[in-house]
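Here's the structure, in structure tokens; my notes come after.
The values are calculated or read from the model by the stated rules, or taken from the named source; none is laboratory data. These figures come from a predicted structure and were not determined experimentally. Here the Cβ positions follow ideal geometry from the backbone for every residue, glycine too, while neighbour counts run over all protein chains shown.
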Amino acid sequence: MSRRSIRVYTAVVTAAATMSLSACSYGLQDLPLGAGGGDAFSVTAELTTADGVVNGADVRNGQRVVGRVTDITLSGQHAEITMSLEQDTTLPANTTATVELPSALGTPFIRLTAPEKPQGTLTDGSHLELTQTSVGPQIEATLAALGEIVGGSGVSQLQSVMSSLNSAFAGRSDKVGHLIDTMNRLLARSSKYTEDFNQAISAAADVSTILVGQQNAVDEFLKTVPDAVNALAAQRNQIASLMRQTTTLAVNLDAVTKGRQATLNSMVGDANVLVKSLAAFNGTVGATLTNMNSFMRNFNRSIRGDYLVFDGALDIPGGIDKILTGGLLLAGQPLPNGQDLRDVLSGGLARDLHPERKPTKKRAPKSTAARPGAPR
């Protein structure tokens, strides 16, 4: 073997030994495969767990590899990864990151997905919060769940269900067939009202939304209802007594009105005539009392010793005469004196207002002319 061949063999052996020694702490994922160079930028992301994620794991956007994971650290109670992305990667700042598996035996990778409403731009030093990241299903968790179903009580329960169905359907194939036909007809009829069902469900959803919006009012109402019920319970005896009295009143009223419909009808007509008569009489009484009040005001202004001359006629209808004098005027009986008339017209107010004033003596006028200055 020549000296040159010996040198080449020694170099190959040395390189192999170096790679064998370094295999204890480095893997293929640690080899620089183009990510993290000068034409890349770094982005950090928080993950609830980083199980299976290693340095050098792919970072994908869709089906394209846009970078690699360069560092994994622990930040508080969660993991934080650093991703080196290619410089031409254009993603919004609210991008979401998901840990996914390419296959059952593959290495997890990071998938970056742009949302429907992008905001901002992902640049060097950008950070994705926990709300922007998620971890997809793990193969270990899937196998564990499958093992629990297979090895646990799931299969035995399924076997019990099948046994019960076999016992229920045994010898009843005709009834089962009739039941299936009935259900088919029911579904066929109900399909015509699909829109009505949808509208009912939508209305129920609206009602639920309104109730949620008025939850405070509903809570206050529910708090008030027990107090109202307690108040009604405390007044139970009084309410029962009122109901009994109401029932008795209804029975008595029915006894009074039963068989007297014609009389009641005539009473309504008579009452109508009476109301109309009172309305006409009220207008006449109002005008008469207005004139009498004017006369009494002037009469009360008189001073004792004055001579008064009254020239007028007082036409009092028979109804008013009966009310004021008891029918004395029409019967030709002497009328009450001035004080009595004043008391009748004023209802006793003049006497109450001037208790010290004595009735004015009316002197017979010597002539029809009144003393100058005397009120008429």
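If you filter the stretch 37-77 down to residues that are of a type in the set (Val, Ile, Thr) and part of a loop (DSSP other than H, G, I, E, B), you find that the one that is modelled with the lowest pLDDT is 49. Filtered by the rule that a residue be among the hydroxyl-bearing types (Ser, Thr, Tyr) and at pLDDT 90 or above, the stretch 243-262 gives 246, 247, 248.
Output the residue which, of all residues in the stretch 90-129 that are in a loop (DSSP other than H, G, I, E, B) and surrounded by 17 or more Cβ atoms within 10 Å (Cβ to Cβ), is modelled with the lowest pLDDT.
Step one: of the stretch 90-129, the residues in a loop (DSSP other than H, G, I, E, B) are 90-95, 101-108, 114-125, 129.
From what's left, surrounded by 17 or more Cβ atoms within 10 Å (Cβ to Cβ): 91, 95, 108, 122.
Values: 91: 93, 95: 93, 108: 88, 122: 91.
Going through the qualifying residues, I end up with 108.
Selection within the stretch 49-81: residues that are touching a residue at least 40 places away in the same chain (Cβ under 8 Å) and among the aliphatic types (A, V, I, L, M). The member of this set that is surrounded by the fewest Cβ atoms within 10 Å (Cβ to Cβ) is 54. Within the stretch 281-317, restricting attention to residues that are assigned to a helix (DSSP H, G or I) and at pLDDT below 70, the residue that is surrounded by the most Cβ atoms within 10 Å (Cβ to Cβ) is 281.
Considering only the stretch 188-204, I want to know if a residue exists there that is at pLDDT 80 or above, touching a helix residue (DSSP H, G or I) at 6+ places or on another chain (Cβ under 8 Å) and not small (Gly, Ala, Ser).
In the first step, residues of the stretch 188-204 are kept if they are at pLDDT 80 or above; the result is 188-204.
Then drop every residue that is not touching a helix residue (DSSP H, G or I) at 6+ places or on another chain (Cβ under 8 Å), which leaves 190, 197.
Imposing the further condition that a residue be not small (Gly, Ala, Ser) reduces the set to 197.
Taking every residue of the stretch 188-204 in turn, at least one turns out to be at pLDDT 80 or above, touching a helix residue (DSSP H, G or I) at 6+ places or on another chain (Cβ under 8 Å) and not small (Gly, Ala, Ser).
Checking each residue of the stretch 110-119 against the condition of being in contact with a strand residue (DSSP E or B) (Cβ under 8 Å, 6 or more places away or on another chain) and touching a residue at least 60 places away in the same chain (Cβ under 8 Å) gives at least one match.
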